[in-house]
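First the structure, in the form of structure tokens, and then the observations on it.
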Amino acid sequence: AEYMGAAVPMPFRSPQRLIQDAFVHWLCVTPWISKPARRWLKARVPDDGMLGAVARSLVRHTVFRKFCGGETLEECRKVGKFLSNHGIKIIIDHSVEEEQSADLWHANLRHKIHLMTQAKKELGDTVSFIPLKITSLTSPSLLEALTHSARTEPLDPLSHLSPLNISILTRSLDLLSELCEEASRNQIRLLLDAEQSHRQPAIDIIAGQLMKNHNRLGQPPVIYSTYQMYLKDAYPRFVADIAKARAENYLFAAKIVRGAYMTAERNRAMSLQRPLPVFETKEETDHSYNSAVNHVLSCIKEDPGCAAVMFATHNHQSVNLITSRINEHGVDKSHNNIHFAQILGMCDDLTFGLGKQGFNSCKLVLYGSLLDIFPWLLR
């Protein structure tokens with residue numbers, strides 16, 4: 001790995017593990033194998049019969065082993081220790097599927113709080129972040145209604161909500177605030193996941209309110225919003241939200257990604273005969289991502305305590321741009337509010353290279369039963 005001109009050796013891996021990892025990578029990037037394999041595994045993994053057992057064994061000894069930390073937090077200890085020895089922190093996650101029942105939101109809240117306390121107990125300071133899917137604590141239909149209201153009346157986004165949706169929003173903010181308080185006590189930062197564009201404006205409103213209430217200047221941030229830079233409106237929103245936070249004296253915190261719902265966004269736009277909300281080309285998305293990089297680092301250069309940012313990317317050019325800008329601006333590369341992140345098993349040269357050079361480098365480590373994690377592995 002090479003950043004800012006410094007070559008960094010990768011940590012030792014046994015020849016057997018290197019061959020296994022290379023084989024898994026080849027399977028994943030070879031379409032004539034990966035596409036039919038996904039279809040077959042999707043059909044067979046849930047089966048109780050012999051073919052199901054064979055499918056689960058194949059997954060467990062290939063992609064599960066490469067991209068997941070284990071089935072329990074205890075099993076993640078070995079991964080956490082290995083990463084920590086190389087200057088890398090963990091983003092730990094055990095996903096919860098979205099539910100609209102208020103009773104299940106409360107159960108999901110208890111699950112996240114339990115995850116935080118157990119993660120600290122089992123993994124200690126190796127854990128820095130926990131992702132949060134907002135639809136586990138609120139109604140997707142509320143997000144869509146709030147998005148519609150915000151687009152209809154930007155200056156008063158609640159004005160078109162029904163009394164029922166106002167009540168749901170209040171309840172959801174209470175649950176999210178409780179989670180933020182627990183995260184602060186455990187010294188863990190929450191990463192609020194992004195959604196598709198017909199829900200994202202509502203998430204921006206909720207995230208802004210949570211940041212205003214919990215991200216205090218001069219203290220570590222508690223909650224981060226996520227900006228998907230393949231959306232055509234992402235960069236203007238990003239700039240406006242930083243300006244709003246600075247004007248209202250709270251700490252802006254963001255995870256910057258390229259985006260994860262390209263196919264869904266295209267299909268929805270086509271079915272509704274609406275303009276495509278995402279950029280048509282990768283070059284436009286790259287420009288949007290890099291513009292956000294330049295803007296937030298300029299803000300941090302001007303006022304080191306005004307923003308926190310996680311650069312979640314597997315793109316080598318972006319990482320080189322970020323590290324170069326950090327160096328040019330004279331920003332401390334170990335600045336407590338600047339982090340990089342990649343998924344476990346992907347782009348290890350980036351993660352280990354950054355950690356070796358003293359940057360705040362993180363790996364997303366998913367854990368849970370094979371059947372629970374399998375939908376994520378398919379993606």
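The values are calculated or read from the model by the stated rules, or taken from the named source; none is laboratory data. Here the structure is a predicted model, which is why all the values come from computation and not from measurement. No Cβ is skipped: glycine too gets one built from the backbone with ideal geometry, and neighbour counts run over all protein chains shown. Each accessible area value is taken on the protein alone, full model and side chains, heavy atoms only, with ligands, DNA and RNA left out. Shrake-Rupley method; radii C 1.70, N 1.55, O 1.52, S 1.80 Å.
Worth pointing out:
- Only one entry of 185, 189 meets the criterion of being charged (D, E, K, R) and in contact (Cβ under 8 Å) with a residue 40 or more places away in the chain, and that entry is 189.
- Of all residues making up the range 168-193, the number that are among the aliphatic types (A, V, I, L, M), part of a helix (DSSP H, G or I) and either touching a Gly at 6+ places or on another chain (Cβ under 8 Å) or under 23 Å from residue 244 (Cα atoms) (or both): 3
- Residue within the range 194-203 that is in a loop (DSSP other than H, G, I, E, B), open to solvent by 30 Å² or more (accessible area, probe 1.4 Å), of a type in the set (S, T, N, Q) and over 16 Å from residue 113 (Cβ atoms) present: yes
- Flag for residue 47 being outside any loop (DSSP other than H, G, I, E, B) and surrounded by fewer than 20 Cβ atoms within 10 Å (Cβ to Cβ): no
- Residue check: residue 265 meets all listed conditions (1) among the charged types (D, E, K, R); (2) in contact with a Ser or Thr (Cβ under 8 Å, 6 or more places away or on another chain); (3) more than 25 Å from residue 114 (Cα to Cα); (4) modelled with pLDDT of 95 or more but one, namely (4).
- Per-region count, the range 277-316, residues open to solvent by 30 Å² or more (accessible area, probe 1.4 Å), assigned to a loop (DSSP other than H, G, I, E, B) and in contact (Cβ under 8 Å) with a residue 24 or more places away in the chain: 6
- Number of residues in the range 299-312 that are touching a helix residue (DSSP H, G or I) at 6+ places or on another chain (Cβ under 7 Å) and more than 18 Å from residue 189 (Cβ to Cβ): the value is 2.
- In the range 40-54, the residues that are β-branched (Val, Ile, Thr) form no Cβ pair under 6 Å with any partner that is loosely packed, with under 13 Cβ neighbours inside 10 Å, whether six or more places apart or across chains.
- Among the candidates 232, 244, the residue that is among the basic types (Lys, Arg), out of contact with any Leu (no Cβ under 9 Å at 6 or more places or on another chain) and modelled with pLDDT of 95 or more is uniquely 244.
- Enumeration of residues in the range 152-167 that are part of a helix (DSSP H, G or I) and either modelled with pLDDT under 90 or more than 26 Å from residue 240 (Cβ to Cβ) (or both): 163, 164, 167
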